[in-house]
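Heads up: the structure comes next, in structure tokens.
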Amino acid sequence: MARNDLLDVYRLSIREQFFTSIVLNLLYLLREFGTSGLDFDRGCEVYISFFSELERMVQVQFLPSNEDILHIKCGNRGIEEETISRNDSYFRFIRVAMTRSSIHKWVQFFEDVDAIIFISSLLDYSSYMDFSPKKVRLRDDMDYFAAICNGNWFTKCTTVFLILNKFDLFQQKLATLPLKTCFPEYRGTGDATEAAKFIQQRFEALNRCKTKRVFTQVMCVQSDVEAIHQLVDKVIQLTAKPSSPQSKKSG
């Protein structure tokens, strides 16, 4: 065996030992303390679920479940595409993760979509923009939503799905940080359902385009598998055009 090959084997062995050591220590901590002591910043709370399932995931025969797949975080920027076939028709789901300021860079490529799925995190009612520390992220999402609904783009689109995500974590956060702290105009109670309804109404009121219908769903995308299936079925139901040979798009 050549010297370089021996070095590669040695490096691989070191990495495996290092990884094994980390996993063993994490498993020990989880068995001793559970996940209650874990402290993650915003955007990383999903990792708690993986730590909780670490012992299952390190098994040789491990296969990811639907729930595992839903917990995987995609990149925060860029465009991704997935095609779903249903009843001899093909539906293209295009994910666009870009800021509102860059909408002019990509919007012309998707102006003929049949439906739009707009996802906003309820947790962002108390988070602020990186480039504008005085602006709440959820309010920026509302501005983005209004621009998409009322702009001169997506003229062929008649259906907008508004997904208000992370309701479970939103419910927990309200217990320590009331919605009216960041939305002084809110006059409701600390009930999570009532607070989410207020946010929903704020979003829906922004749509001034008479040709667009908004369907809102409050959920937790990363754990509610059945709700995801229902959403996809609803998108396909409302955009399917059996008489048209062309594939349908949803962005």
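Quick rundown of the values:
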quantity: Whole-Hz couplings from phi, Karplus 6.51/-1.76/1.60, listed for the stretch 83-94; x for Gly and Pro; calculated: 10, 10, 9, 8, 6, 6, 10, 10, 10, 9, 9, 10
quantity: Dipole of the stretch 80-162 [Lys/Arg +1, Asp/Glu -1 at C-beta], most positive-end residue of Thr83, Trp153, Ala115; calculated: Trp153
quantity: Under-5 Å amide H pairs with Leu162, H placed in peptide plane, nonlocal only; calculated: Phe118, Phe215, Thr216, Gln217
quantity: Value of relative contact order over the stretch 110-239, rounded to a whole percent, pairs C-alpha under 8 Å and six or more apart; calculated: 31 percent
quantity: Neighbour cut-off at most 15 other Cβ (10 Å), DSSP loop, chymotrypsin sites (Phe, Trp or Tyr not before Pro), the stretch 118-148; calculated: Phe131
quantity: Contact order normalised by residue count of the stretch 86-162, Cα under 8 Å, 6+ apart, percent; calculated: 39 percent
quantity: Kirkwood Rh and Cα Rg combined as Rg/Rh, the stretch 110-239; calculated: 0.98
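Here, each number is a calculation from the coordinates, and none is a lab measurement. Computed from a prediction, not measured in an experiment: that's the story for all the values here. Positions of Cβ are generated from backbone atoms using ideal geometry, with glycine treated the same way; all protein chains shown enter the neighbour counts.
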